[in-house]
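Enquirer: Below are the structure tokens for one structure; questions will follow.
The values are calculated or read from the model by the stated rules, or taken from the named source; none is laboratory data. Predicted, not measured: the structure shown is a model, and the values here were computed from it. Don't worry about glycine lacking a Cβ; one is built from the backbone with ideal geometry, like all the others, and counts go over all protein chains shown. Surface accessibility is based on the protein's heavy atoms, side chains included, excluding ligands, DNA and RNA. Shrake-Rupley method; radii C 1.70, N 1.55, O 1.52, S 1.80 Å.
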Amino acid sequence: MVYGENYGIAGSLLYYRPGDSYPQVHSFNDAFMNWIPAKPDFRHLIYIGNSRRLPLYFEELILVGRAENPYFRETGLPIHFGSLPTDVLWEDWEESWQESVGRFTRHPNRNDHPSR
């Protein structure tokens, strides 16, 4: 899986990805939260952005590069490759999903408006 910290990063990765064989790009930021899976299935993640919690999310984490394109607004942004997700990642993912997406998800058995 590929994860962009914000919609600009995620949008760029999605736009320039080299075809359908490249993993889908996800983010909990802005409109991307409409498509992020509630319970993703991955063992490896490419993470583009800054996160202090990132070392807690994987048993193996490697800094593989930095965004160095001179036209990129956030030049120098780290790119990490994480393997073997930890329980902390899944707990934070669930919390982020509920905060970002879950509140907008329609429940199939709910016929009335949530505010009624």
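Enquirer: Please specify each residue of segment 69-91 satisfying the condition of being at pLDDT below 95 and over 17 Å from Gly11 (Cα atoms).
Expert: Those that are at pLDDT below 95 and over 17 Å from Gly11 (Cα atoms): Pro70, Gly76.
Enquirer: Can we say Ala31 is in a loop (DSSP other than H, G, I, E, B) and either in contact with a Lys or Arg (Cβ under 6 Å, 6 or more places away or on another chain) or of a type in the set (A, V, I, L, M, F, W, C) (or both)?
Expert: Working: in a loop (DSSP other than H, G, I, E, B): no; either in contact with a Lys or Arg (Cβ under 6 Å, 6 or more places away or on another chain) or of a type in the set (A, V, I, L, M, F, W, C) (or both): yes.
In short, no.
Enquirer: Any idea which of Ser100, Ser83 is of a type in the set (S, T, N, Q), under 15 Å from Asp41 (Cα atoms) and in contact (Cβ under 8 Å) with a residue 40 or more places away in the chain?
Expert: Being of a type in the set (S, T, N, Q), under 15 Å from Asp41 (Cα atoms) and in contact (Cβ under 8 Å) with a residue 40 or more places away in the chain holds for just one of Ser100, Ser83, which is Ser83.
Enquirer: Give the residue that is farthest from the chain's Cα centre (by Cα), with candidates limited to residues of segment 66-84 that are open to solvent by less than 30 Å² (accessible area, probe 1.4 Å), under 26 Å from Pro37 (Cβ atoms) and not polar (S, T, N, Q).
Expert: Ala67
Enquirer: A follow-up question, please. Quick check on segment 54-80: of everything there that is without any contact (Cβ under 8 Å) to a residue 24 or more places away in the chain and of a type in the set (Val, Ile, Thr), which residue is farthest from Asp41 (Cα to Cα)?
Expert: Within segment 54-80, the match that is farthest from Asp41 (Cα to Cα) is Thr75.
Enquirer: Count, please, the residues in segment 3-37 that happen to be in contact (Cβ under 8 Å) with a residue 40 or more places away in the chain and in contact with a helix residue (DSSP H, G or I) (Cβ under 6 Å, 6 or more places away or on another chain).
Expert: Count: 3.
Enquirer: While we're on this one: When you scan segment 18-27, do you find a residue that is of a type in the set (A, V, I, L, M) and not in a loop (DSSP other than H, G, I, E, B), even just one?
Expert: Yes - at least one qualifying residue is present in segment 18-27.
Enquirer: Among the numbered criteria (1) in a helix (DSSP H, G or I); (2) of a type in the set (Phe, Trp, Tyr); (3) modelled with pLDDT of 90 or more, which one does Tyr47 miss?
Expert: (1)
Enquirer: Taking segment 45-65 as the search range and keeping residues that are β-branched (Val, Ile, Thr) and either open to solvent by 100 Å² or more (accessible area, probe 1.4 Å) or within 12 Å of the chain's Cα centre (by Cα) (or both), which one is farthest from Val2 (Cα to Cα)?
Expert: Checked segment 45-65; the qualifying residue farthest from Val2 (Cα to Cα) is Ile48.
Enquirer: Within segment 33-44, restricting attention to residues that are open to solvent by less than 30 Å² (accessible area, probe 1.4 Å) and touching a His at 6+ places or on another chain (Cβ under 8 Å), which residue is nearest to Gly8 (Cα to Cα)?
Expert: Ile36
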